[in-house]
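Data block below; observations after.
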Amino acid sequence: MKRRKYLAAALLLSGVMAFSGCGNEKKENAKEAKDTNEEAVLDEINEEGGSSHENALDFEVGDYVKLGDYKKLKVQYPIPEVTQEDVDFAIQELQEEHTEYKEITDRPAQNGDTVNIDYTGVLDGEAFDGGSDTDYEFVLGEGEFLEEFEAGLIGKNANEAITFPVTFPEDYDEELGGKTVEFTATINKISEAKIPEFTDEFVAKVSDYTTKEEYEKYIKEDLQASAEAESASAAGEEALGLAVENATVEGHPQELYDFYYEETMVGYQSFAEMFGMEYEEFMEQMGDGALEEAALAQVNEFLVAQAIAEQEGLAVTEESYQEGAKALMEENEYESMEDFEADFGKISIITQLVRGKVVDFLYENAELEKVTQEEYYGSDEEEDEGEDGTEEDGAEEDGAEEGADIKDGAENETGGEISDRRLTDEQAAEALGTDETDSHLLDIEQHNNEEEIHGEETHGELTHEEENHGTAQ
């Protein structure tokens, strides 16, 4: 249940909606929406880029919010922890980043090879959804496919057409469980990975360090800094949630709601794409009113954050906007502010900056209860117990329905789908009511004095009026 709360919370964050893979791609993803009204809105966003609600911040926050307690809030702080396993994983990633692939033409495929395949599955003489793909690339022997499927490829040569049966496990799903499917596959290419050894020479070649020990020290310090930032963010987010609970919010500016409604819509579309689902299907899983509820939650949260920002002199000024926007631009790997602002819109950027300032402020002024990572996030045993079928009613049934689609995940570079869903599926299953442990053909791995921003200059940015009850002009 805890992971469901985490993803639900993430879906409500404007940061996730605005800055997690949206940008140019969000405008393309928007075209997939099925609902007529939402499709029209998404089409408009697609044409204009970012949000068109330039007056979304034109309001007196005091007209809507009465703040409650927001300082010295008691929140949990997960003690940052970096293990040797974390360091080893980072090193492994570095090695994989510099792995070279040699095409094999003089022998058949074997375990450990990277193969690119086309395949089609036929059940009772007919192809079925999720049972076919082209140019799919994976490593033999890593369990991305059922063992019987991979066995049909081992010992076969490139450009060789292969036909073989695969019997699905009895508990796979209602459509395929216990049935035998005939697959036809062609290995387009066989490659052998040449993984570099982690040596002093390798480190000196690919990094600014000269020895393994120096690089490992750097990695551990970097991971520690990231872990500390994550823990501070978690505590700050919890404090913001409490501040919202303690505040009284009555009504909201309509254009601010419209802005967040569209941002949430685009965010959900992005999540649907990531989970390999149609937008309409995703929204059905989320339930009636989910979009409106999420948008309103973000509106209320921002209103409270804005009220705190004005109360504590954290308003976004011209100088702080330029500095903060530049940091976000670089974080999202944009080369020019013009392109970044065109894709995301200044309103989205400003709301992120306000929110970030307030989260940091609340963290710095909170009473922290230090807890272990296990206490905060839950133990692996608790998650395993939930994955064994004790999480919530209906998960198994919903999972069976999803199981028929044997491929899930975001598109990879070759246009196929990513089968390694270790992170997203664990979250998606909770959010969407599916069973992540279903056996799939793929992935069976079980400061006040700064110059103020004025609307005429920056198209609707936040201002901080001299009376200290600022508006967005």
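Any read-out appearing in this document is the output of simple, stated calculations on the displayed coordinates, not a laboratory observation. Bear in mind that the values here come from a model prediction, so they are computed numbers and not experimental data. All Cβ positions, glycine included, derive from the backbone under ideal geometry; neighbour counts span all protein chains shown.
The mean of 1/r over all pairs of different alpha-carbon atoms in the stretch 100-194, once inverted, gives a Kirkwood hydrodynamic radius of 13.7 Å.
The residues packed around residue 157, meaning those with a beta-carbon under 12 Å from its beta-carbon, carry a net charge of 0 if Lys and Arg are +1 and Asp and Glu are -1. For the peptides 283-290, 294-301, 81-88, the ranking by packing is 294-301, 283-290, 81-88, with the highest mean count of neighbouring Cβ atoms within 10 Å listed first. Label point of residue 205 set 7 angstrom out along Cα-Cβ; within the stretch 84-98, amide nitrogens under 12 Å from it belong to 95, 98. In the structure shown, the pairs 326/346; 217/326; 326/357; 71/326 are assessed against 18 Å; a Cα-Cα span above that value is assigned to 217/326; 71/326.
Can you give me the C-alpha center-to-center distance between the stretch 305-378 and the stretch 85-155, rounded to a whole angstrom? Comparing the Cα centres of the stretch 305-378 and the stretch 85-155, I get a distance of 41 Å. Here the mean projected area of the convex hull built on the C-alpha positions of the stretch 263-371 is 9.5 nm². Modelled label positions at residue 192 and residue 162, each set 7 Å beyond Cα in the direction of Cβ, lie 1.8 nm from each other. Subtracting the Cα-Cα distance of residue 339 and residue 225 from 0.36 nm times their residue separation leaves 38.0 nm of extension gain. FRET efficiency for the residue 318 to residue 360 pair, using the beta carbon distance and R₀ = 30 Å, is estimated at 0.90.
Our estimate of slack between residue 151 and residue 63, defined as 0.36 nm per intervening residue step minus the Cα-Cα distance, is 25.0 nm.
Grab the Cα-Cα distance for residue 330 and residue 174, subtract it from 0.36 nm times how many residues apart they are, and report the gain in nm with one decimal.
Values: separation 156, 0.36 × 156 = 56.16 nm, distance 4.74 nm.
My answer for the length gained is 51.4 nm.
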